[in-house]
Amino acid sequence: MNSVGEACTDLKREYDQCFNRWFAEKFLKGDRSGDQCTETFRKYQRCVQKAIKEKDIPIDGVEFMGPNKDKPES
């Protein structure tokens with residue numbers, strides 16, 4: 001599946017691959033230590049937030065997920 005912003009699709013794929021690798025190789029084997037994908041997620045999140053703003057997609061009342069539940073940048 002592509003990202004909401006075309007420019008974000010490669011970052012989405014990079015994050016998805018990182019997360020899936022971490023989930024399969026670490027989490028499912030009991031290693032609950034840090035997630036090495038956090039920075040990739042943040043880059044993707046910033047890209048999506050920018051795309052949402054550029055496309056003027058209303059997001060009022062939407063809760064953002066992820067590390068520290070960052071709110072959209074103004």
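None of the figures in this text is laboratory data; all of them are computed from the coordinates on show. All of these numbers come straight from a predicted model, not from anything done at the bench. All Cβ positions, glycine included, derive from the backbone under ideal geometry; neighbour counts span all protein chains shown.
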Putting +1 on Lys and Arg Cβ atoms and -1 on Asp and Glu Cβ atoms, find which of Phe27, Gln17, Thr40 reaches farthest to the positive end of the dipole of region 6-55.
Thr40
Ranked Val4, Val48, criterion: other C-beta atoms within 10 Å, fewest first
Val4, Val48
Which value in Å is the Kirkwood Rh of region 6-55 over different Cα pairs?
11.6
